[in-house]
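Remarks on the structure that follows.
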Amino acid sequence: MSIRIKWFCAIVALAWGGLLTEAQAQNFPTRPITLVIPFAPGGSTSIIGRGIADKMSELLGEKIVVDNRPGAGGTVGTRAVAKSDPDGYMLVLGYTGTLAIGPSLYKKAGYDPRKDFAPIGMIGNAPNSLVVHPSFPAKTVAELIAYAKANPGKVNFGSAGAGTASHITGEYFARSAGISLVHVPYKGTGLALVDLIGGHIPMAFAPIPASHPNVSGGTLRALAVTSTTRSSLMPDVPTLAEAGLQGFDASLYYGLAAPAGTPRPIVDKLNKALRDALASDEVKRQLTADGTEITPGTPEDYADFIDKDAKKWSELVKASGVEQE
């Protein structure tokens, strides 16, 4: 076969492949899509993910099935998506804990947040909240710090699991305040809050979408939020920076991602559905009511953010000294 014929065949193959990809994108989706939420039900990721999935299902004309897959700080479910077929039918609810913290915390996380995913788009962000049981003697952050210093190693804090944003935020807080806290990991924020409400642990760091209903109901007391500005959902609760820990910032960011190699036309179709969902009145009401600031954008915007967020949290993980095998 001559070189000209070989080149002609290669060009035809590429063109045919492009036509097939375009046709697949136009028809996509033709069956249900799975959205993996890498944590147990009840946490902020489930609250946000389910609301987005419902509206995107309506817009795409196919059901998006939510699949909660907890484990290892969210890396189990996230890794499963990274290794799945890049056809747009398996997505992951991206999250600070899994795309920025997990790969730095776990040496064998099994995925690279920059190389193993095709970012679809950002959903929004929400700070964590520092919440305590109503019986806990500390009414302010200053009182909590004083109590912890008087009782070194005797104050437990719950999190959504080892390596999650709530865990590293707790370590970050303890280091910034110069105190010693004992970490108690759970398989999700919901389970941590159940034990906190039951009085089995005195405090926890939990995303505002998950903690707010309990704070409003009086079963938990919020001492601070972890962002640089106050939450519109808890306007009377100070930031940790206002409480004396200058420069403290530990907000949580959410987005959608597919496995690397997912055809760009499919990524674009999912991005449009996501942005249309975020622009809808019902999703706006739901996320705003849960304390989430909506921040839609392009796949490139989300890719850039993942890179910056991973760098920031990797430094916090190293400073906390909590890296795991």
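The values are calculated or read from the model by the stated rules, or taken from the named source; none is laboratory data. The shown structure was predicted, so the numbers you read here are calculated from the model rather than taken from an experiment. When we count neighbours, we look across all protein chains shown, and the Cβ atoms used for this are built from the backbone with ideal geometry, even at glycine. Surface accessibility is based on the protein's heavy atoms, side chains included, excluding ligands, DNA and RNA. Shrake-Rupley method; radii C 1.70, N 1.55, O 1.52, S 1.80 Å.
Once all protein chains are placed together, Ser104 keeps about 40 Å² accessible to a 1.4 angstrom probe.
Solvent exposure of Thr219, expressed as accessible area, is near 60 Å², computed with a probe of 1.4 Å over the protein chains only. What shape does region 147-259 take by its C-alpha gyration tensor, where a ≥ b ≥ c are the square roots of the eigenvalues and a/c under 1.5 counts as rounded, a/b above b/c as prolate, and the rest as oblate? Cα axes put region 147-259 in the rounded bin. Highest mobility in the GNM of the chain, judged by mean-square fluctuation with C-alpha springs under 10 Å and restricted to Tyr147, Tyr253, Tyr95, is found for Tyr147. The accessible area of Met234, taken with all protein chains in place and a 1.4 Å probe, comes to roughly 10 Å².
Seen against the Cα atoms of the chain and their longest principal axis, helix 299-320 is set at about 40 degrees. Across Val66, Val81, Val182, mean-square fluctuation computed from a Gaussian network of the chain (C-alpha pairs under 10 Å connected) peaks at Val182.
Angle check, please: helix 165-177 long axis (alpha carbons) against the longest principal axis of the chain (alpha carbons), in degrees 0 to 90, nearest 10. With both axes taken from Cα atoms, the answer is about 40 degrees.
Which one of Asn214, Asn125, Asn151 has the biggest mean-square fluctuation once the chain is modelled by GNM with Cα springs under 10 Å? Looking only at Asn214, Asn125, Asn151, the largest GNM fluctuation is found for Asn151.
Classified by the C-alpha gyration tensor, region 22-139 has an oblate form. Its axis ratio a/c, with a ≥ b ≥ c, is 1.5 or above, and a/b does not exceed b/c. Between Arg264 and Glu315, the FRET efficiency estimated from the beta carbon spacing at R0 = 30 angstrom works out to 0.40.
In what sequence, largest accessible area first, do Ile168, Ile197 appear using a 1.4 Å probe?
Ile197, Ile168
Only lysine pairs 8 or more places apart, or on different chains, with alpha-carbon atoms under 24 angstrom apart are counted in region 211-325, and they number 4. Between the entries (1) 20.1; (2) 17.9; (3) 15.6, the label attached to mean projected area of the Cα convex hull in nm² calculated for this structure is (2). The largest accessible area among Arg175, Arg31, Arg69 belongs to the first residue in Arg175, Arg31, Arg69, and the rest follow in falling order (1.4 Å probe, all chains). Expressed as a whole number of Å, what is the distance separating the alpha-carbon centroids of region 252-325 and region 189-212? That distance is 24 Å.
Sorted by accessible area (1.4 Å probe), largest first, how do Met203, Met122 line up? Can you show the working numbers first?
Numbers: Met203 0, Met122 25 Å².
So the residues, ranked largest to smallest area, are Met122, Met203.
Taking all protein chains into account, the per residue accessible area for the chain stands at 43 Å² (1.4 Å probe).
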